[in-house]
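Throughout, read-outs are computed from the coordinates displayed, never taken from laboratory work. None of these values were measured; they are calculated from a predicted model. Here the Cβ is made from the backbone with ideal geometry for all residues, glycine too, and neighbour counts use every protein chain on show.
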Amino acid sequence: MAKQVSGIAKFQIPGGQATPAPPVGTSLGKYGVNLGQFVQAFNDKTKEYNGTPIPVVVTVYNDRSFDFVTKSPPAASLLKQAAGIAKGSGVPHVTKVGTVTREQCAAIAQTKMEDLNARSIDQAVKMIEGTARSMGLNVEG
């Protein structure tokens, strides 16, 4: 007999740096999940990301067990790393804060391809370039 799902929680945590504090504690505590067990499993799985925000979807079952799926990092955080900036522009069409190349956008699109709703890598690159422009980054190349 299959386990019954008692809830699904979605949140972002820096890779390899999860703690039982919010957002983990507030999202999973209400389901009675062993927070230490989740934190240990998440940190082991995402230690190579080291601080990059990682979206996670946790499925909690009636017996308080859980499964979780990690997604690829958000395009905005990958673009900030590629451009070497701390944050995007507040007025993106007026104030430009950095530059990325098409090759960097293609690499980011390749990383995120499984989480994007694009049919080809070319469409995925266009989506990443659009995100870059909306952050106030110039796309060159």
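Against the chain, whose longest principal axis comes from its Cα atoms, helix 102-112 is set at around 10 degrees.
Residue pairs exceeding 25 angstrom between C-alpha atoms, taken from K10/K96; K30/K80; K47/K80; K10/K126; K3/K71: K10/K96; K30/K80; K10/K126. Past the 17 angstrom mark, what percentage of all C-alpha to C-alpha distances in the chain do you count? Tail fraction, whole percent: 64. Among Q123, Q12, Q104, the residue with the largest mean-square fluctuation in a Gaussian network model of the chain, with springs joining Cα atoms closer than 10 Å, is Q123. Rounded to the nearest 10 degrees, the angle from helix 121-134 to the longest Cα principal axis of the chain is 80 degrees.
Considering only the other residues whose Cβ falls under 14 Å of the Cβ of S6, what net charge follows from Lys and Arg at +1 and Asp and Glu at -1? Within the 14 Å Cβ shell, the charges total +1. Gyration tensor over the Cα atoms of the range 5-70: the corresponding equivalent ellipsoid has semi-axes (square roots of 5 times the eigenvalues, largest first) of 19, 11, 10 Å.
When a/c is below 1.5 the answer is rounded, else prolate if a/b is larger than b/c, else oblate, so apply that to the range 100-141 with a ≥ b ≥ c taken from the square roots of the Cα gyration tensor eigenvalues. Judged from the Cα gyration tensor, the range 100-141 comes out prolate (a/c at least 1.5, a/b above b/c). For the chain, the 222 nm mean residue ellipticity estimated from helices alone, with every DSSP H stretch of n ≥ 4 adding -39500 (n - 2.57) and the total spread over all residues, rounds to -10500 deg cm²/dmol.
With a cut-off of 13 Å between beta carbons, the residues surrounding A124 carry a summed charge of 0, where Lys and Arg count +1 and Asp and Glu -1. Sorting M135, M113 from the fewest to the most surrounding beta carbons within 10 angstrom yields M113, M135.
Residue-wise HN-Hα couplings along the range 2-12, as the Karplus relation 6.51 cos²θ - 1.76 cosθ + 1.60 with θ = phi - 60° gives them from phi, are 6, 6, 8, 7, 9, x, 10, 10, 10, 6, 10 Hz; Gly and Pro carry x.
Distance between the 7 Å Cα→Cβ label points at K96 and R119: 3.2 nm.
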